[in-house]
Structures are given as structure tokens and as C-alpha cells.
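Working notes for the structure below.
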Amino acid sequence: MYTLIIKKNNIHMLLMLVLLSLAAGCSSSGPSTLNLMPAPSIYNPEIEEALNISKGVLVPPTEIFYATNRAPAVANSTQYSGERGGVLRFGEARIMMGKGEHTFEEVREISLLKNRSEEYPLSVTDVQEYGLFNKSLNSFYAEEVLKSGRTAQDDQFAKRINETLANSSRKDVYIYVHGYKVDFDNPILVASELWHFLGYEGAFVAFSWPSTPRVMAYLADLETAEISSYQLRRLISFLSENTDAERIHILGYSVGARIVVKSLSQLSLTRRHGGEKLRIGHVMLLGGDLDADMFGANINEGLLDIVDDITVYISENDQALAFSGWVFSRSRLGQLGNEITLTVKRFLEGNPKLNVVDVTNDSDAASGIGHAYFRQSPQVSSDILMTLKYNLKPGERGLKREDYGPVWSFPEDYMEKLHERIMRRLAKKIAKESNP
């Protein structure tokens, strides 16, 4: 019997290693590349012209903004390691789509193909660090960091973001926060593809916290995520105070959702005591790897008071979260499903600022280990991007209410409904512009 128990534990440990090694956003060692995500289903030939995805962008931006609390890989380097840097650094990274052999119009057409025959890689070709964020320095790290010769460049970062916003019809800033086990480049590449499918509207910032591209780094990364929430809070406050952003939207993926929630909960508490005014719009928690009860506690403490709304995407097919739940013996936020209690259902019914979207029945969302559905499912990515682009509520997007509570899911005719609603909104916009 004792031997049998040992063998079962070994099998569980092996499964953990396999699942964690496959967990979303996984990167390999060395410079990373990322194959462009499938085109969101919303972009089809019938409405592509009306949606204007990157249309008219003659010279698209090739730089994506970043903020990182990673340490430089070597002294005075602009490449970053998986070690904690003790300070927030601002900069921008240059992105290459494909192998650089296509014009932008060709890139646009390739990106919108529904069935690409070949993989289309994205890569970071250059990194330019502006400098340090002054308010992120603290007495424990300041002397060591400043010895490197780097200086604070808060103004330059704000100036560059404001220049980008000035050239955009939409004056919003988007922040993407990645999950565990990825290198510095990965969140920059994910942010760049999301920005591409938003038509390069607004300004996108990749928050690259020092996760480690190693399978066994999961627990260590969770501790680093806790520390990184402090720096993300500083970033959100800085953008609110120093840029022309009308709204700041935040996407937190996997362990990144944990960072987002803790940062916002800290901001909600400071706001309660007369803190700065924030302009936080949509907050999206994708495959959230955090304790569901802790999220509820943060909601109870006023988390919803500082945002326009929060959307929690969940999936019962998310094997990475299933194993995380097994490790901690606690339900993960991104895999609540039918576990939603009557009390939670009542809260959701009375608080339209908090929405839960169940993607379990989306076949594309279940591909792989079911954890990276926000990129892998053209239907889910459509839902996310159209929320960001048009501020549509779940019912306005064509989602349906589930019987087990105020949870939304995708009906079979979801894409048709979404197309119809967007075209209707565009028609109203055109009519309003024609008759001011």
C-alpha cells in the first residue's frame, strides 16, 4: 500500500511538471519568437472595410512600449533577465512581423487570413531603454541601481505615449500583464499582436515582470508576482497622472491576473484615503491563476469602485488551472464554472460592473491545454477586442446568460450577433458624423 501511494504521488508530480512546462506563454531559452495569433473571427470580408482594421495605416508603428522590473541581463545591457531588478524601467522595443519581407499592406492581408497555411513569426529586433522610473526607486535598491549610470526618464516615457495618443483617434492606453515562465520578449510580442488587431489605436504597454522561463520556477514566480504588483501599481498611477490617456485598460493573463488584482486592490485602498484620481476602464482577467476567495475579498474591499468594469473569463477545460487548483487545494478564479455559489450569483446580478464569461464550450478555447484561449480562439479574441474597441457590454456583444447564474457564454450564433451589433453601431456613428 505504501509503495502504491508513493507511485501515485510520483505520477501527480510528473503531471505537474508536464502541465506547467506547457502552461501558457511558455517560452524557450534564448531570443523568443511568437507565431501570430489566428485572426479574430470578427474580421471577415463582409465587414472588414467597415471595421477598418489597420486600414489607412501607411507606416504602422514598429515599436511597442514596455515597463519592466527585470534586472538587465548584464551590466549596462538593454536585454533583461528573469531576475528581479528592484526598480521599474521604461522603454520601447522594435517588432518585426514575419521575416521583414512583406509590405505592411501584405502583412495586413496575411494577418487577416482565416486559414493561414504557414506560421507567421513575430520577433523583437531591438530594445531601447529610456531609463528608470524615479518613483520606483527605494532605499533598498537605489544606490546599487544608480551605480549603473542609468538615470530617471519619466518625462520621456510620458512624452512618447502622449505623442502616440495624439496620432490616434482613440486616446486610450492598454496594459498587458503576462503569466508565468516567459522571457522579457513574450509580453511585448503578445501586446504587439493585440495592438495590431485593434488597428494601432491608442498606445499599448507591455508590463514584463521577472518571470523565469523554467518549469520549476512556478512557486518562485508566484512570489515575484506579489512583489511585481507593487511596480504595476506605480505604473498605473504614473500613466493616470502624467499622460493624456482618457482610459487605461488592463489585461491580466494567468499569474498576471494575480498581479493586476493585487495592484488594483492596493489602488482602491489608497483611493479610499484620498489617493489620486484614476481613469481605469476595462479590466480583463484571462485564465486567472489566483485564489477565487481572495478575489472576492478584494471586490468586497472596493475593487470595483476604481474601474469601469471587470470581466473574468473562465473555462472548465483549462488544465493548467486545474492543476494549480490541485496544488493549492483551492479553486482558481479562471475555473469557477458551476462552483459559483448562490451568494456570488446574487452579487453578480446586482453588480453589472463585474461580468463572468464562460468559454468552456468554445472548441478552439480547449486546444492545447486550454489555457491560452484568449489568443487561440478567434471567437474569444473577438469578444475581448470588440469590448476594448467599442465598449460593448456582454448582452450588447451577443453573449447569452447561462442557467447556472449571471454568467455569460457564447451562443451558436454569437458571431452573427456581434457582426450585426457592430455594424449597427458603426451606422449610427456615420449618421452622427454626417449630421452633427
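The values are calculated or read from the model by the stated rules, or taken from the named source; none is laboratory data. This one's a predicted model, so the numbers in the text were calculated from it and none came from an experiment. Neighbour counts are summed over all protein chains in view; Cβ atoms, including those assigned to glycine, are modelled from backbone coordinates with ideal geometry. In case anyone asks, the SASA skips ligands and DNA or RNA and just uses the protein heavy atoms, side chains included. Shrake-Rupley method; radii C 1.70, N 1.55, O 1.52, S 1.80 Å.
Beta carbons closer than 8 Å, at least 6 apart along the sequence or on distinct chains, pair a first residue in region 176-191 that is assigned to a helix (DSSP H, G or I) with a second that is at pLDDT 95 or above and of a type in the set (Lys, Arg) for Val190/Arg375.
Yes/no per residue for (1) touching a Ser or Thr at 6+ places or on another chain (Cβ under 7 Å); (2) under 30 Å from Ser237 (Cβ atoms); (3) at pLDDT 90 or above; (4) not charged (D, E, K, R):
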position	(1), (2), (3), (4)
Leu269	no, yes, no, yes
Gly274	no, yes, no, yes
Leu286	no, yes, yes, yes
Leu290	no, yes, yes, yes
Leu304	no, yes, yes, yes
Asp309	no, yes, yes, no
Asn317	yes, no, yes, yes
Val327	no, no, no, yes
Ile340	no, no, no, yes
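Summed over region 102-112, residues that are open to solvent by less than 10 Å² (accessible area, probe 1.4 Å) and in a loop (DSSP other than H, G, I, E, B) total 0. Taking residues in region 90-117 that are among the aromatic types (Phe, Trp, Tyr), and partners anywhere that are in a loop (DSSP other than H, G, I, E, B) and surrounded by 11 or more Cβ atoms within 10 Å (Cβ to Cβ), the pairs with Cβ atoms closer than 8 Å and at least 6 places apart or on different chains are Phe90/Phe133; Phe90/Gln153; Phe104/Ser54; Phe104/Val57; Phe104/Pro60. Please find, within region 204-244, the residue that is farthest from Val190 (Cα to Cα) out of those that are touching a helix residue (DSSP H, G or I) at 6+ places or on another chain (Cβ under 8 Å) and of a type in the set (D, E, K, R). Among those residues, the one meeting the criterion is Asp244. Scanning region 300-318 for residues that are surrounded by fewer than 20 Cβ atoms within 10 Å (Cβ to Cβ) and assigned to a helix (DSSP H, G or I) yields a total of 3.
Could you list, in sequence order, the residues of region 79-101 that are assigned to a loop (DSSP other than H, G, I, E, B) and either loosely packed, with under 15 Cβ neighbours inside 10 Å or among the charged types (D, E, K, R) (or both)?
Filtering region 79-101 for residues assigned to a loop (DSSP other than H, G, I, E, B) gives 79, 98-101.
Across region 79-101, the qualifying residues are Lys99, Gly100, Glu101.
Search region 342-368 for residues being crowded, with 21+ Cβ neighbours inside 10 Å and within 19 Å of the chain's Cα centre (by Cα), and hand back the single one that is nearest to Ala191 (Cα to Cα). Please lay out each step first, then the result.
Quick first cut of region 342-368, residues crowded, with 21+ Cβ neighbours inside 10 Å only: 355-359, 362, 365.
Okay, now just the ones that are also within 19 Å of the chain's Cα centre (by Cα), so 355-359, 365.
Details: Asn355: 23, Val356: 23, Val357: 22, Asp358: 23, Val359: 22, Ala365: 19 Å.
Among those residues, the one meeting the criterion is Ala365.
Somewhere in region 34-47, is a residue of a type in the set (A, V, I, L, M, F, W, C), within 30 Å of Met423 (Cβ to Cβ), open to solvent by 20 Å² or more (accessible area, probe 1.4 Å) and modelled with pLDDT under 70? Checked region 34-47: no residue is of a type in the set (A, V, I, L, M, F, W, C), within 30 Å of Met423 (Cβ to Cβ), open to solvent by 20 Å² or more (accessible area, probe 1.4 Å) and modelled with pLDDT under 70.
Only one of Ser268, Ser237 is more than 27 Å from Val182 (Cα to Cα), assigned to a helix (DSSP H, G or I) and either in contact (Cβ under 8 Å) with a residue 60 or more places away in the chain or in contact with an Asp or Glu (Cβ under 8 Å, 6 or more places away or on another chain) (or both); which? Give the steps one after another, and end with the answer.
Working: Ser237 fails: more than 27 Å from Val182 (Cα to Cα).
It is Ser268.
Tell me whether region 235-256 contains one or more residues that are at pLDDT 95 or above, open to solvent by 50 Å² or more (accessible area, probe 1.4 Å) and within 17 Å of the chain's Cα centre (by Cα). Yes, the conditions are met somewhere in region 235-256.
Taken together, the residues in region 213-234 that are open to solvent by less than 30 Å² (accessible area, probe 1.4 Å) and over 18 Å from the mean Cα position of the chain (by Cα) amount to 2.
The set of residues from region 337-380 being of a type in the set (Lys, Arg), in contact (Cβ under 8 Å) with a residue 60 or more places away in the chain and more than 30 Å from Tyr43 (Cα to Cα) comprises just one member, Lys345. Would a scan of region 373-388 turn up a residue that is open to solvent by 40 Å² or more (accessible area, probe 1.4 Å) and not in a helix (DSSP H, G or I)? Within region 373-388, none of the residues are open to solvent by 40 Å² or more (accessible area, probe 1.4 Å) and not in a helix (DSSP H, G or I).
Look at (1) modelled with pLDDT under 90; (2) at negative phi; (3) open to solvent by 40 Å² or more (accessible area, probe 1.4 Å); (4) outside any helix (DSSP H, G or I) and you find that Ser168 fails only one, number (3). Would you check if there is a residue in region 343-356 being in a loop (DSSP other than H, G, I, E, B) and touching a strand residue (DSSP E or B) at 6+ places or on another chain (Cβ under 7 Å)? Yes.
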